[in-house]
1. Collect the residues in region 19-75 that are in contact with a helix residue (DSSP H, G or I) (Cβ under 8 Å, 6 or more places away or on another chain) and either surrounded by 10 or more Cβ atoms within 10 Å (Cβ to Cβ) or part of a strand (DSSP E or B) (or both), keeping them in residue-number order.
2. Would you please name the residue that is modelled with the highest pLDDT, looking only at residues in region 82-129 that are out of contact with any strand residue (DSSP E or B) (no Cβ under 9 Å at 6 or more places or on another chain), over 18 Å from residue 70 (Cβ atoms) and part of a loop (DSSP other than H, G, I, E, B)?
């Protein structure tokens, strides 16, 4: 949906039991905001014909921008994990980066997909984390 102002009206045509009805107009505004997007795949690799599910997650960037601003100014050691996304990749480009291919567990412990978790740090961590 594009940014802008929209008006919605609900209409019910009625039936043998209920009369027709039209709601009052409801006007709302849709604003454009910066977002952070991440896409995960149910399989790290696949072969032809194998089903693959892609999941896209979109979150407002405002909170991420504020968090990154704070951690980049920290004097001590900082380590943060996230899925790969353009904002973190750009803002933490000069940080140490480690990538981990992990199973994604849903409620009930079922493995639903594999994701690539990224661990960024402003220092070189020990070989075993």
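The values are calculated or read from the model by the stated rules, or taken from the named source; none is laboratory data. Only a predicted model underlies this, so the values are computations on that prediction, with no experimental measurement involved. Cβ sites come from the backbone with ideal geometry, for glycine too, and all protein chains shown count toward neighbours.
1. 34, 35, 36, 37, 61, 64, 65, 68, 72
2. 126
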